[in-house]
Amino acid sequence: MAPSSLRSTDRFRQTQKRSVILVVEDDDSLCNLLCLLLADEYPDYNVMGASCGPEALVFVRELGRPSFLLLDHELGSHMNGIDLYDVLHMDLATERIPTLMISGRLPTAALQERGIAGLSKPFELDLLLDVIAGVLVDQAKTVPACAR
């Protein structure tokens, strides 16, 4: 589990103070790396890690809508990244979360159908940061301020 594990009540309390980037990745090493990278790149955000879809749903239920979702497709659980996205999209409070899906095997048709950005693994970290910045900029242009 990532050092920013969702099981810590203290992390829950800290997170309520700032906007959150949620990384959902079942590979603990990659989750840790992504959390550290994003925390460094976006110091005004709390960056949290979840290792599976159900854990991410607990996070959202406890803390509310994250500001950005970095989501692996192949989560190694009963819920893949598309399933998690669809569950979140059914709730008005979480339907417009800016999302980037990463995977060795991107479900291209499903991403296009849902309007989700995707990035194939392996990727360069600079490219990841550029794509995330683009997703955040696009989202800021298309979502009314009251929905953010």
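Observations on the structure shown:
- Residue that is modelled with the lowest pLDDT [pool: residues in segment 134-148 that are in a helix (DSSP H, G or I) and closer than 15 Å to Ser19 by Cβ]: Ala147
- Every condition in (1) surrounded by 22 or more Cβ atoms within 10 Å (Cβ to Cβ); (2) within 25 Å of Asp126 (Cα to Cα) holds for Tyr42 except the one numbered (1).
- Of all residues in segment 82-100 being farther than 18 Å from Val20 by Cβ and hydrophobic (A, V, I, L, M, F, W, C), the one that is modelled with the lowest pLDDT: Leu92
- Test: residue in segment 117-126 that is part of a loop (DSSP other than H, G, I, E, B) and surrounded by 12 or more Cβ atoms within 10 Å (Cβ to Cβ): yes
The values are calculated or read from the model by the stated rules, or taken from the named source; none is laboratory data. All values derive from a computational prediction rather than experimental measurement. Using ideal geometry, Cβ is built from the backbone for each residue, glycine included, and neighbour counts are taken over all protein chains shown.
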